[in-house]
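Notes follow the structure.
All of the numbers you see were taken from the coordinates with simple rules; none came from a lab. None of the values given here were measured: they were computed from a predicted structure. Every residue, glycine as well, gets a Cβ built from its backbone with ideal geometry; the counts of neighbours run over all protein chains shown.
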Amino acid sequence: MKFLISTSGAAVFLALANAHAKPTETLLHVFAQASDATRLRSAVTPGTDGTIFGVAMFGGGGSDGKVFRLTPPAPGQTAWTETTLRTFIADANGAFPAGSLVLDEKGNLYGTTLGGNNNRGVAFELSPQT
């Protein structure tokens, strides 16, 4: 079985494909409103524990994008939990995150933005909380 996690506008989907069956698509999460997250244009990154990481180009606290984590539902539940890991404002630390995140073996996330640092974009690292 193969799976693909994709984004569309303001929603995250999980598509399961089996060699002998038609692929199925499941809606995992819809962001509440435009100020929460929009323009999910990049593929999301699966974590090692079932979580999913991604970026929204717009939204978040500063409206200039955010990095988020989706945690699978607890047993007996159906809703995934969204956690904002980082919000961006148009400054030297970046704005408008774009592209997929990279997750290393220590749990660090790496990504890029289109804005910030004189509109040249920045590369960033987010370390897991200890």
Label-point gap, in nm, between residue 119 and residue 41 - each point 7 angstrom along Cα→Cβ: 1.6
Contour minus Cα-Cα distance for residue 22 and residue 48 (0.36 nm per residue): 6.7 nm
Spin-label pair residue 105/residue 81, simplified geometry with 7 Å Cα→Cβ offset, distance in nm: 2.9
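Determine the relative contact order of the range 25-130: mean sequence separation of Cα pairs under 8 Å and six or more apart, normalised by residue count, in whole percent.
Working: 247 pairs, mean separation 21.0, N = 106.
RCO, the range 25-130: 20 percent.
Provide the gained length on full extension for the span residue 127 to residue 71, in nm with one decimal, where the gain is 0.36 nm per separating residue minus the Cα-Cα distance.
On the way: separation 56, 0.36 × 56 = 20.16 nm, distance 1.72 nm.
Length gained between residue 127 and residue 71: 18.4 nm.
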